[in-house]
Amino acid sequence: MRAFLILLARNRLALAGGIVMAVVVLLALLTPVLSLADPDVTDTSNRFQPIFSEGALLGTDHLGRDLLSRLMWGTRLSLAVGFAAAIVAATLGAAIGIIAGFYGGRTDNIIMRGVDMLMAFPYILLALAIVAALGPGLFNALIAVAAVNVPFFARNIRGITVGIAHKEFVDAARLAGLSNTRIILSEILPNVVPVIVIAMSTTIGWMILETAGLSFLGLGSQPPQADLGSMLGEARSALITNPHTSIVPGVMILIIVMSINLLGDGVRDALDPRLKSGALSRPMAATRVDRRWPVPEPVGKGLLEVQGLETQFHVKDRVYRAVGGVDLHVETGECLGIIGESGSGKSVTALSLMGLVASPPGVITGGAVHYDGEDLIGAPYGRLRDMRGRNVAYIFQDPLSTLHPLYRVGDQLIEAIRAHRSIGKAEGQAKAVELLKAVRIPNAEQRVTDYPHEMSGGMRQRVGIAMALANDPDIIIADEPTTALDVTVQAQILTILDDLRRSRGLAIVFITHDFGVVAQLCDRVAVMYAGRIVEEGSTEDILQAPRHPYTARLMACVPELGGGKRRLEAIGGLPPVVDKLPEGCAFADRCLKVRPECRAGEIPLDRVGDRKVRCLYPEDGAREAAE
Ligand code: ADP
Ligand code: MG
């Protein structure tokens, strides 16, 4: 609640609207205790007194009644009717929507067709018809306004409820033996209340206007009772000769509706968690580049040469150094593994290569990524887009979130191809089937028309791979593609990747936290810790003799089949937070062999032949021997 108020207050317009609204409501509440003239006493000798005249601050109307008093009492009445109508409409509409959405089937059909019938009439006509049937009067106007707004709430809430009614937590409640009523009250309602509040806060203003409209036509409040609409209606005949009689209620209506709408928008923004996290602020098409020093030249001649890549997240006044100077190189047809704990910067490194890190907050602050001799960091967006998918393709961890839930997988494959070249319908279909066959999906001809939710996790990940293959890329970057899968499926996916690599000459950058996977697939492996590479070498060398204590400890965490009984050692402590990296070795706090020197100054990545280690005292003591 406090967080909500703080967020609301941060929105200047909403705050202003809230303050104005609070003042108006307060005045309306205080009206009976203020010493105002009687709003209904006529005094025809003092008709049409102007504003600021003696004894009548806002003047008098055509019957000599005090306008200030009528305005206050009228505002009170209009607000009360508007709020009451909103609450009635929201309660009824929400109840109808929840029941229709929760029970579904025939209940849903009958209720919603009824709602549709109400919606088929224009708002104000329907309200007029209802008042005509019930007879004029403020209470009947309230009923009419509430009734015409019920369908709006019912539709809205039904939509939300349908989305929630089959979520896992509702199924769990059902399995726990809760009755439908209990489920609706304890599981569904809390999830739709924010939506109800949002819908209400944005429609109250509208309902006050509708009530005023009915009163204006003489169907709402009856003389001598004042509400804002009837005041306007009575002043209509003197609009030209004595405009202040119309302006006074008119300005009040404007103030009320404006402030309610501003406040309503603010409430909506503050209640929507996606807006809170800034997720609706649109990221730029490519990561922002702000390189502080000159672009390094590529050292090797590999297909992909990464030098000193630095990616940071600038959040408010904090700087998270997610990637702090990473060097990588990948040859054609080679498989490079990147391994490290969660949070070590693997994904950010991979996304930086093609400028895919969301900006804001991501910024690439240094380094170069040479693809076939061309620097991609800072390349124009058009060039990057052209290369994404065609030269460098990605496979992500969770294919359910990368595949569009509402399109058939075949169509999504065709779309991936179309992003880079135009292709006919039949040809596209054939190509989609061919791709599915390439990733060994059985019955590819039938599966091509499946929706993602009709496939198992392993199948979906195969589709993810097929999509990455769609444009025959040279490099596939696979970011933990098997982490969400079980072991047998993981083995199948790895075999597919390995075969594809050999048959198509693909280079693969395989990101994982599992040494078993690295051993199966990769030629070379780079170990990452706190945004930097701490060790690199051929898979065989590293598996046989890890040099960096971190690598050694990572491997000690992996159980070995047939390796006899061995204690599995977890690494104590946590990786450092990347906005406060310690000086010296980032692993020092968790290292068993740490010495004072480890905590001072930059520790270089030492190269011995094909092997690189960022440690002063590597495991086999090779460095000490060399010195
Ligand atoms: P992993 O190795 O598990 O793939 P990531 O590359 O996703 O790790 O993350 C590296 C670091 O970057 C983490 O410490 C994470 O907290 C930080 N990070 C990632 N995205 C953001 C972001 N949008 N804002 C701030 N920090 C981020
Ligand atoms: Mg990751």
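The values are calculated or read from the model by the stated rules, or taken from the named source; none is laboratory data. All of these numbers come straight from a predicted model, not from anything done at the bench. When we count neighbours, we look across all protein chains shown, and the Cβ atoms used for this are built from the backbone with ideal geometry, even at glycine. Heavy atoms of the whole protein, side chains included, go into the accessibility calculation; ligands, DNA and RNA do not. Shrake-Rupley method; radii C 1.70, N 1.55, O 1.52, S 1.80 Å.
Here are some notes:
- In the stretch 1-41, the qualifying residues are those that are part of a loop (DSSP other than H, G, I, E, B) and closer than 26 Å to I198 by Cβ, and the one that is most open to solvent (accessible area, probe 1.4 Å) is M1.
- Lone unmet requirement of (1) within 16 Å of ligand 2 (Cβ to nearest atom); (2) buried (at least 19 other Cβ atoms within 10 Å of the Cβ); (3) over 17 Å from D499 (Cβ atoms) for A484: (2)
- Test: residue in the stretch 428-450 that is under 27 Å from the mean Cα position of the chain (by Cα) and crowded, with 19+ Cβ neighbours inside 10 Å: no
- Where helices (runs of 4 or more DSSP H) sit wholly within the stretch 142-252, those with at least 3 residues that are open to solvent by less than 60 Å² (accessible area, probe 1.4 Å) occupy 168-175, 189-216, 228-235.
- Enumeration of residues in the stretch 507-529 that are open to solvent by 10 Å² or more (accessible area, probe 1.4 Å) and within 16 Å of ligand 2 (Cβ to nearest atom): H513, D514
- Among the residues of the stretch 83-124, those identified as small (G, A, S), assigned to a helix (DSSP H, G or I), open to solvent by less than 30 Å² (accessible area, probe 1.4 Å) and closer than 24 Å to A165 by Cβ are A89, A90, G93, A94, G97, A100, G101.
- Scanning the stretch 421-429 for residues that are within 16 Å of ligand 2 (Cβ to nearest atom), free of Cβ contacts under 8 Å to residues at least 12 places away in the same chain and outside the structural domain of P296 (by TED's automatic domain parsing) turns up nothing.
- Among the candidates P360, P283, residue that is in a loop (DSSP other than H, G, I, E, B) and in contact with a His (Cβ under 9 Å, 6 or more places away or on another chain): P360
- Picking from residues in the stretch 594-614 that are assigned to a loop (DSSP other than H, G, I, E, B) and under 19 Å from L328 (Cβ atoms), the one that is least open to solvent (accessible area, probe 1.4 Å) is I603.
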